[in-house]
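Coordinate-derived values only; no laboratory data. All values derive from a computational prediction rather than experimental measurement. FYI the Cβ positions are ideal-geometry reconstructions off the backbone, even for glycines, and counts take in every protein chain you see.
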Amino acid sequence: MKLEEFNESKYFISRELSFLEFNYRVLEEAMDNTNPLLERLKFISIFSSNLDEFFMVRVGGLKDQVEAGYNKPEPAGLTPKEQIKRIASKTHELVKKQYNCLKRSIIPQLRKHGIEILKYQDLEEGEREYFEDYFFNRIYSVLTPMAYDPGHPFPVIINLSLNFAVELRKKNGKKRFYAFVQVPPVFPRLIRVHSNKGKCFVLIEEIISRYLPTVFKGYQIVDSVLFRITRNADFNLDEEGAEDLLAEIAKKLKSRKTGKVVRLEIDGKSNSKLIQKIVDEFQVKSYEIYDHITPLDLTFMMKLASIKGFDHLKNNELPPHPSPSFNDDIYEDIKKGDIFLHVPYESFDPIIKLIEAAAEDPDVLAIKQVLYRVSGNSPVVRALARAAENGKQVSVLVELKARFDEESNINWAKTLEKAGCHVVYGIVGLKTHCKALLIIRQEANGVQRYIHLGTGNYNDKTARLYTDCGIFTAKQDFGADVSDLFNLITGYSEPGHWRKLAVAPLNLRKRFINLIKNEVAQSGPGNYGHIIAKMNSLVDSEIIQYLYWASCNYVKIDLIVRGICCLRPGIPDVSENITVISIVDRFLEHSRIYYFQNGGQPLYFLSSADWMPRNLNRRIETMVPVENPACQQRAKQLLEFNLRDNIKARVLQPDGSYTRIDRRGKAPFRAQIELYKAAAPKTEETSVIFSPIFEVSASQD
Amino acid sequence: MKKSKLFGVIDVGASAIRMVIAEKDDKKVFKPLESLTQSIRLGTDTFLNGTISAESAWATVKILKKFKRILKDYNASQFRLVATSAVREAKNREYFLDYIYQNTGLQIQTIESTEECEFIFSSMRSEMLEANIDLAAPSLLLDLGTGTARIILIKDQKMLFTQSLKLGSLRLREILHDIDVQSFEFHKVLQAFIKADIDLLRNVLPFSKITQFIATGGVIDDIFRFLKPDFFREKVTKVDTRWFYQILDQYKSVSQEQFVERFNVSSDKADVLVPTIIVYRYFIEIFNPESVIVAHSSLAEGVILNEFSAPEYFDEHIIVSAIEYGKKFGCEEVHAQQVMSLCESIFTQTSSLHGLDESSLLILKVAALLHDIGHYVNDQGHHKHTQYLIAASSIIGLTTDKLAQIAAVARNHRRYAVHFDPWQFRDITEDEKIQLKKLISILRIANALDRSHEKSVKALKIKINKDKHQVTFKVRTTKNIPLEKWAFKHNTQLFSELFYVDCLLSEERIFE
């Protein structure tokens, strides 16, 4: 078949439905009773937050398309309207499963272990007094009822907030009044009950609901209902002429609170008059309504899952191992040979140490770094600020457009600026998603550059939860490329010619395609080529078509795709030679590694990019070759272990569903645990005891 | 802080501003650290309107501020900013340069076309050396920039001759801006336009057969990076003439869109494609070389290479180029070389008297080589003809100022009162005048010692007595030198006056 013939819609899986499949795998982890109980609760929470973001961004975007009259089907053949419908029915089904799992399995088991969420009526007299105090002394003053009548417009309901809609009547009167009360976000969702029964909590809405009548003195509450809306938050920044990106983004953040409603969740029935008011006001379609959702917004379960103690209900700790490649002199270590660092199996410390050492090192001239998402009070940010105060030239490219992190990004960007760093806010129209660090040092033999290029953000917190890898090198070609990269993304220079890197949106797509073509060129009957690619999502139609074409031309393709995958494996004469697995485990799979057999001279690459149009077309991304044999060995092991997983891996079927691996006759193999063991220092015996039960922590990136 | 030799160069060109920062390396001469480019078409302003616009000046400041930051990253205190034709030819160049200085603190030097050629040659030569390609055979280098076409004639690894033609691709594009590039008319007009310039060039070239044709320049770089993926790394590639010609023919008709698409270049590079191709094609057609070498060259890299390499290296090229220039006017090479050697000998042996440095010696040597070329115009007042022929020349490596000084020294080789052209030397200080006079006094003696043009003097030893009152010129000769003796007597006066010495000549005959 020719390349163009692989673009039929039947060869593609709908991107949005594939996402829901992924989220279902997350939910499966919550349903899996071999996972520790509190870890299961975390998955309940992750499932919810994934869905929130999905509705705000993806469903919001689809709704925009429908409203704009855009009717073109996606590669899998569904129009925006059809997608919305299919998403809704699938989501209804999944949410039902989620609440079933929570109520029938997790909550009863939590109760057995003494963790309980109580109703008001379950409380004893003394406990009720405590909550009465809590309400009148703390909550009451913050509550702001907003009337809705001919004299008051419909109040602003904030995205993802919990609100009571209340129907009122004057005592002795007949006329109905309507009002809204937001559950104040400043209080914790769960309030601890001080009793000796165990760890007991009451939901804040439960308390507010009980005392709601006191808010409306002189009125009688006829009906009240708690609800939550999700708004379209997929804003397209008009960057053309956005002189001040910082100000522009701050402005857009405000508008996120008032986007179109894409989902209405109700803690109760949907047929009340009150709900009708909301439905009318926000023009909510029936399939956008999710009722009987009790309690609403399960993201708070993450807090409960992190409750102190109860270690027997949590995963074993897997503290990161120190990387054996780093000794005292970090520069000498890197100069000895490239170093491969794989978090969270290995510690993220070398990166922080490298920046901290550079900050104090009189021979360091300049530090340049791309920061995408960093943790609050990040040691990376502190070290960079320190370096600037010490008179180093520090250039930081801050990507403000990291979704839903904009607010915190703005804050620490300002901190860096104050310290004297040169902060640049990225290129107009392109999100800077690459992860790069460059240190320029004056040494006895001349200027030496040290670089780190990786698949994950410079975030010490997520480096303990996400699997990512990176390369440290002092090689000149890499250093020169990274210098050019910084000159490009800071707007200092137009792109030159890359020595080692491939950079999106310039040549990364072409590079990938050439690598696939090259694999095909070297393959034939009895001489199969081999591609292994590990990424978070596989969406890009062009790449998928090339993969089909390669599959038909004697190339075996193993894909390890954690999230969305639009490629359909196992179709006769199209994708017979392709397998796709997804691993959802205790660490969020995040590393992107690409392997090409290349006729026996294997090529390994690390990249910040997934095979998605946004990564290849609209973002600055890098791909770096892994050249050092020891580093290649690490990359190889990583891929092999992933492919051997038979505990947390699921296999994508031709119909788009995922199934677990048939383990009969095979020894259990869990990639994340095995990789952790393999990263342990070789000399000492690993002291951690691995129970067969481990859990995941996943959230959509 | 440890120190290493870093040097930065910013090249303000006709279509872009570029910066290169490099480090002097013990093993290799040159290790580039940074290389930046920002497109800005100062050339469009200058070539079309004659002046650089305010918008362009603003944009230039913006770019230079960024580049300055990168210089700071490396703590590079040594750097140089050079500007070529777009700035050089702008009528408001002084305003522009001052504006840049006031707003960035950076001083841009506009360099002359001969200097440009030097830098291009240096850069190209270093690539050739690395690629082990010999420059012994007569070679013609055509570096097609956006503002200027630079032609360099090379033989025995040295530049013999340079010439800059106003045939830069952007300039041609702007001059002919009202004709569609894709039209047949454009090709025709452009060819005629180029022909006139090339015909003139052919007449002055010292030899007609070109063995190697070397093509350098931005557009050809882009094409070859695409055609030969190794080109980027190798930077030099030797190709068959016919094949090269075919390639050019093929790209002649490529549309701008196709070019952008295929080569992944920006569209402003694409619209100078056609003029570039036509110029190269025409050169190949006319010179019909045996082989073509496509090489990378960079003005900025050339500036750095010259900064890092020893200065004598360039003096050699200047001398060779001066000899070539002399030949054009039928000058007697043996006499010219003899006077030059004698000048050098006197200069070095009397340094305790004159206290001048190496750069003065170069002026003296070139003046010695060319002092008689005025005979070509007319024997009558030949020294005056010598002066303007030198001043108007474009000898490699010599700026207009230097040429004026050489011209002045050469003009005054005869034993009369020293005369400086009042117009050319209106800004000259007394000190500078004295320096030139010192050189003149040496040239006069050297010329006297070969008055018969027979190269009789084989060796010269100068003895200065203790109190520096007396200078004895001891010459070894193979024959009687009555004429030289006579001339010596009449040509030492200036030397005596300047240094307060008596000059004596002593002769030692040797028999071969």
Quiz item: Toward the positive end of the charge dipole of chain B, about the Cα centre and with charges on Cβ (Lys, Arg +1; Asp, Glu -1), which of B:Val457, B:Tyr101, B:Ala59 goes farthest?
Solution: B:Val457
Quiz item: When the Karplus curve 6.51 cos²θ - 1.76 cosθ + 1.60 is applied with θ = phi - 60°, which whole-Hz ³J(HN,Hα) does each residue of the stretch B:405-422 get, with x for Gly and Pro?
Solution: 5, 4, 4, 5, 5, 5, 4, 8, 6, 8, 7, 10, 4, 5, 10, 10, 4, x
Quiz item: Roughly how many Å is it from the Cα centre of the stretch A:501-531 to that of the stretch A:111-128, as a whole number?
Solution: 61 Å
Quiz item: Reported to two decimal places, what Rg/Rh ratio describes the stretch A:503-679 when computed on Cα atoms with Rh from the Kirkwood expression?
Solution: 0.94
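Could you list B:Met159, B:Met128 so that the one with the fewest beta carbons within 10 Å of its beta carbon is first and the one with the most is last?
Lowest to highest Cβ neighbour count: B:Met128, B:Met159.
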Quiz prompt | DSSP bridge orientation in the stretch A:330-497 - percent antiparallel, rounded to nearest 5 | solution = 70 percent
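Kindly give the semi-axes, whole Å and largest first, of the ellipsoid equivalent to the stretch A:330-497, taking each as the square root of 5 times a Cα gyration tensor eigenvalue.
On the way: eigenvalues 96, 69, 55 Å².
In descending order the semi-axes read 22, 19, 17 Å.
Which FRET efficiency value, to the nearest 0.05, is calculated for A:Val428 and A:Arg86 with the Förster distance at 45 angstrom and r the Cβ-Cβ distance? Please report the intermediate quantities before stating the final value.
Details: r = 35 Å, r/R0 = 0.79.
The pair A:Val428/A:Arg86 has a calculated efficiency of 0.80.
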Quiz item: A:Ser224: net charge of surrounding residues, Cβ under 14 Å, Lys/Arg +1, Asp/Glu -1, itself excluded?
Solution: +1
Quiz item: What spacing in nm lies between the two simple spin-label points modelled at A:Val156 and B:Gln157, each 7 Å away from Cα in the Cβ direction?
Solution: 7.7 nm
Quiz item: Taking each residue of A:489-502 in turn, how many C-beta atoms of other protein chains fall within 10 Å of its C-beta, and what is the average?
Solution: 4
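Is there a quick way to get the dipole size of the stretch A:485-641? I mean about its Cα centre, with the Cβ of Lys and Arg at +1 and of Asp and Glu at -1; what is the value in debye to the nearest 20?
Values: 17 positive and 13 negative charges, 70 e Å.
Computed about the Cα centre, the dipole is about 340 debye.
Full extension from A:Glu494 to A:Ser286: what is 0.36 nm times the residue separation minus their Cα-Cα distance, to one decimal in nm? Could the numbers behind the result be given before it?
On the way: separation 208, 0.36 × 208 = 74.88 nm, distance 5.15 nm.
Going from the current span to full extension adds 69.7 nm.
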Quiz item: Label points 7 Å out from Cα along the Cβ direction at B:Ser352 and A:Gln121: separation in nm?
Solution: 12.1 nm
Quiz item: How far is helix B:273-287 tilted off the main Cα axis of chain B, in degrees rounded to 10, range 0 to 90?
Solution: 50 degrees
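Pull out the extension gain between A:Ser306 and A:Thr214, defined as 0.36 nm times the separation in residues minus the alpha carbon to alpha carbon distance; nm, one decimal. The partial results should precede the final answer.
Working: separation 92, 0.36 × 92 = 33.12 nm, distance 3.43 nm.
Contour length minus Cα-Cα distance gives 29.7 nm.
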Practice problem: Quick one: give the max-minus-min coordinate of the C-alpha atoms of chain A along each principal axis, largest first, in Å. | Solution: 90, 63, 58
Practice problem: Using the Karplus curve 6.51 cos²θ - 1.76 cosθ + 1.60 with θ = phi - 60°, work out ³J(HN,Hα) for each residue of the stretch B:485-501 in order, rounded to whole Hz, and write x for Gly and Pro. | Solution: 4, 5, 4, 4, 4, 8, 10, 9, 4, 4, 4, 4, 5, 5, 10, 6, 9
Practice problem: Step through the residues of the stretch B:474-480 one at a time and calculate ³J(HN,Hα) from phi using the Karplus curve (6.51 cos²θ - 1.76 cosθ + 1.60, θ = phi - 60°), rounding each to whole Hz and writing x for Gly and Pro. | Solution: 9, 10, 9, 10, 9, 8, 5
Quiz item: So who's got an amide H within less than 5 Å of the one on A:Phe587, skipping anything under 5 residues away but keeping other chains? H placed 1.01 Å off N, in plane.
Solution: A:Ser697
Exercise. Go through B:Lys166/B:Lys209; A:Lys81/A:Lys260; B:Lys461/B:Lys489 and tell me which ones have a Cα-Cα distance over 22 Å in this structure.
Key: B:Lys166/B:Lys209
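For the stretch B:312-509, what D do you get in µm² per second when you plug the Kirkwood radius from alpha-carbon pairs into Stokes-Einstein at 37 °C and 0.692 mPa s?
Working: Rh = 16.8 Å.
In µm²/s, the coefficient rounds to 196.
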Self-check item: Cα-based Kirkwood hydrodynamic radius, chain B, one decimal, Å
Solution: 25.0 Å
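Per DSSP helix of 4 or more residues, -39500 (n - 2.57); summed, then divided by the residues of chain B. What does that give at 222 nm, rounded to the nearest 500?
Working: 23 runs with 262 residues, N = 512.
Estimated from H runs of four or more residues: -15500 deg cm²/dmol.
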Quiz item: If you put +1 on each Lys and Arg Cβ and -1 on each Asp and Glu Cβ, how big is the dipole of the protein assembly as shown around its Cα centre, in Debye rounded to 20?
Solution: 2100 debye
Practice problem: For the stretch A:583-672, compute Rh as the Kirkwood radius over C-alpha pairs and then the Stokes-Einstein diffusion coefficient at 20 °C and 1.002 mPa s; write the answer in µm²/s, rounded to an integer. | Solution: 141 µm²/s
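Could you line up B:Lys66, A:Lys174 from fewest to most neighbouring Cβ atoms inside 10 Å? It would help to have the intermediate numbers written out before the result.
Values: B:Lys66 18, A:Lys174 6.
In increasing order of surrounding Cβ atoms, one gets A:Lys174, B:Lys66.
Would you list A:His194, A:His497, B:His317 from fewest to most Cβ contacts within 10 Å?
Working: A:His194 9, A:His497 16, B:His317 21.
With the fewest neighbours first, A:His194, A:His497, B:His317 line up as A:His194, A:His497, B:His317.
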Self-check item: the stretch B:205-235-the stretch A:264-296 distance, computed between alpha-carbon centres (Å)
Solution: 72 Å
Self-check item: √(5λ) per eigenvalue of the Cα gyration tensor, the stretch A:405-459, largest first, Å
Solution: 26, 16, 11
Quiz item: Counting DSSP beta bridges in the protein assembly as shown, what percent are antiparallel, to the nearest 5?
Solution: 65 percent
Quiz prompt | Distance from the stretch A:55-102 to the stretch B:448-484 (C-alpha centre basis), Å | solution = 102 Å
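Given chain A, what percent of its DSSP beta bridges are antiparallel, to the nearest 5?
The antiparallel fraction comes to roughly 70 percent.
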Exercise. Kindly provide the pair-distance distribution of the protein assembly as shown built from C-alpha pairs, with 10 Å bins from 0 and whole-percent values in order of increasing distance.
Key: 2, 8, 14, 16, 16, 13, 10, 7, 5, 4, 3, 1, 0, 0, 0
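Report, in deg cm²/dmol and to the nearest 500, the calculated mean residue ellipticity at 222 nm for chain A, where each DSSP H run with n ≥ 4 adds -39500 (n - 2.57) and the sum is divided by the residue count.
Numbers: 20 runs with 231 residues, N = 701.
Theoretical 222 nm ellipticity from helices: -10000 deg cm²/dmol.
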Quiz item: Counting Lys +1, Arg +1, Asp -1, Glu -1, what net charge surrounds B:Gly105 among other residues with beta carbon under 10 Å of its beta carbon?
Solution: +2
Quiz prompt | Cα-projected label distance for A:Asn514 with B:Asn288, points at 7 Å along beta-carbon direction, nm | solution = 3.9 nm
Quiz item: So how compact is the stretch A:15-119: Cα radius of gyration and Dmax in angstrom?
Solution: 16.7, 54
